[in-house]
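Some notes on the structure that comes next.
No lab work stands behind these numbers, since they all come straight from the coordinates. Predicted, not measured: the structure shown is a model, and the values here were computed from it. Cβ placement follows ideal geometry from the backbone for every residue including glycine, while neighbour counts extend to all protein chains displayed.
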Amino acid sequence: MPASAEIPRGSWGSRVRRLVLPLVSIVAGLAVWQLAITVFSPNPLAVVGPVQIARDAAGLFGAGTLGPDIGLSLAQLLIGLVVATAVGVPAGLLLGTSRPLAAALGPWVTALYTIPVIAVAPLVIVGLGFGFSAKVAIVAASGFFPLVINTQAGAASVVGGGLRDVTRAFRANAFETLCHLTLPGTAPHILTGLRLAIGRALIALVAADLFGSTSGLGYLIISGQQNLKTDDVYVGVVTLSVIGIVLTALVAFFERRMNETRTARTEQA
Amino acid sequence: MNTLDEPAAAAAPVIEVYGAYAHYGTASGPLPVLDGVDLAVGRGEVLAVVGPSGCGKTTLLKSLQGLAALDRGSVTLQGRPPAAGRTDTGYVFQQPSLFPWWSVRKNIEFGLRLRAHSGRPSAARRRARADELLELVGLTGFHDFRPAALSGGMQQRVNLARALATDPVALLLDEPFSAVDTLTRERLQRVLSATLHALGTAAVIVTHDIHEAVFLGDRVAVMSERPGRIVETFEVEEKRPRTEEFQHGEYLAALSARVYQRLRSGDERASASELTMNREPVAAPSPEPRRPLSKGTADA
């Protein structure tokens, strides 16, 4: 029997690449940043160093405001992303599997996708009020498009591929085709869409906080700008970046897992 | 397993096609592909269909599975049209078309997990069935492998097992071994021949490989250039399962040469004298369905 080559999984080289290199890169970047601040001492209203940011973050945390800000923003972000996924994935599956629907609604998706969130955020707030739900709606609307577009592309390629003939030949009904073919086939595209949605959702979150918020990381950034507390601006920005990195890494982890299981030699591997 | 206990059922064809006409829709209008095909396949019988590229072989096969629509004519499987919910035919595609996210075993179980399969056996029964078929196609021990880890030939064995899992009375195979190397192809042909024989499954196998057609078929139907018609049917006088000796023997070579000649001479409507001796004259499509070619009509 032809022995197929063992696919190396999680070998040392790849683990170093995946975990160690990004960490080294971040630490080195922070060191260079701090060094540049010390050497050039720029205007502290414009640029502050990592040490100063950390000190300010600790202060805000101690004062009991940073924790709730993070909590609120995370809650808005995650709920918004869940809503975006819950609406975007089925919408993408529908558009990807129905050509008439894709033709009819395609221009709408494109048109709405290109609207800058900052332009419509105030309108959403007028509609939904200054509260939590308006922020969630803005985050969800921003995350929706990468999800819908990627899901649609994935579903269309799966349904247009040769495996559709197999489900037809086996006379699978629409639901079985969805469960056995379209969803598993589209899953990697959905995860890619989610990864892209995280970035857009973070931007949307800050944009939403621009208009009449009283807490949250966006509020921290905006009030920092208005009160010339540059440290606070940086704390907000860096915290958002960390949230973005962590969430993206989480999704990337599942993407990688899925690819590994699918290319693995055996099911148990 | 298909039983042969009822003489009436044994005599009745499993697959019947009467006056099948079909066309491709192209930019420059409809292009006819099937021009009045009649055929009948008996219980447990293997019909090989050879023809030039684009003669409508695949369209014919797809119409048997209900995957392609005919303009005119009728297809019946055990006396009824191929409709939703039928599991009496299994289809083997030209390309290995396994679900990449499933193991070999889950791929084989696919048909058994669908509503269309009336039995819908338990997980344990499905598993046992899959392992039984893996043994039959010579892949015991590969149940947990993913398709990507298998060679093309092994994937095609899994495809065969998957098509057989629902215990169809007939298998429809579309150039199943065209994508594998010669040695593998010959081995797979023997596996297929033995498997069909062991299960008593009828088959229609479409191929452009004449040797394959003669090796596998109880009869070999030769199709004309597009629009395709069956111009002659050859009887292969050799019991199944067929051996490697037969595969490389003189009989197969000689019959293949005759099939090749017939294929090359194509559908020479002008020299119909030879044709009319062997088959019904080529007539204008009649509104009444014609009788299908009976066994051994041509080239007795």
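Identification of helices (runs of 4 or more DSSP H) wholly contained in the range A:91-209 with 3 or more residues that are free of Cβ contacts under 8 Å to residues at least 12 places away in the same chain and either out of contact with any helix residue (DSSP H, G or I) (no Cβ under 9 Å at 6 or more places or on another chain) or of a type in the set (A, V, I, L, M, F, W, C) (or both) yields A:99-113, A:117-128.
For the range B:111-129: of the residues being in a loop (DSSP other than H, G, I, E, B), touching a Lys or Arg at 6+ places or on another chain (Cβ under 8 Å) and more than 11 Å from every other protein chain (Cβ to nearest Cβ), which is nearest to A:V166 (Cα to Cα)?
Out of the qualifying residues, it is B:R120.
Scanning the range A:234-269 for residues that are of a type in the set (D, E, K, R), touching a Ser or Thr at 6+ places or on another chain (Cβ under 9 Å) and away from chain B (no Cβ under 11 Å) yields a total of 1. Looking across the range B:130-159, the residues that are of a type in the set (A, V, I, L, M, F, W, C), in a helix (DSSP H, G or I), closer than 11 Å to B:L98 by Cβ and touching a residue at least 24 places away in the same chain (Cβ under 8 Å) come down to B:A148, B:V158.
Residues in the range B:52-106 that are among the polar types (S, T, N, Q), over 30 Å from A:T263 (Cβ atoms), in contact with a Pro (Cβ under 8 Å, 6 or more places away or on another chain) and part of a loop (DSSP other than H, G, I, E, B): B:T87 only. Taking the numbered list (1) within 14 Å of chain B (Cβ to nearest Cβ); (2) more than 30 Å from B:D88 (Cα to Cα); (3) not small (G, A, S) in turn, A:F132 passes all entries but (1). For B:S193, are the conditions met, namely being more than 14 Å from chain A (Cβ to nearest Cβ), within 18 Å of the chain's Cα centre (by Cα) and crowded, with 18+ Cβ neighbours inside 10 Å? Yes. Restricting B:T59, B:T76 to those that are more than 8 Å from chain A (Cβ to nearest Cβ) and buried (at least 23 other Cβ atoms within 10 Å of the Cβ) reduces the list to B:T59.
Okay, residues lined up against (1) within 30 Å of A:P50 (Cα to Cα); (2) of a type outside the set (A, V, I, L, M, F, W, C):
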position	(1), (2)
A:R171	no, yes
A:E176	no, yes
A:L202	yes, no
A:D209	yes, yes
A:S213	yes, yes
A:Y219	yes, yes
A:T248	yes, yes
A:E255	no, yes
A:R262	no, yes
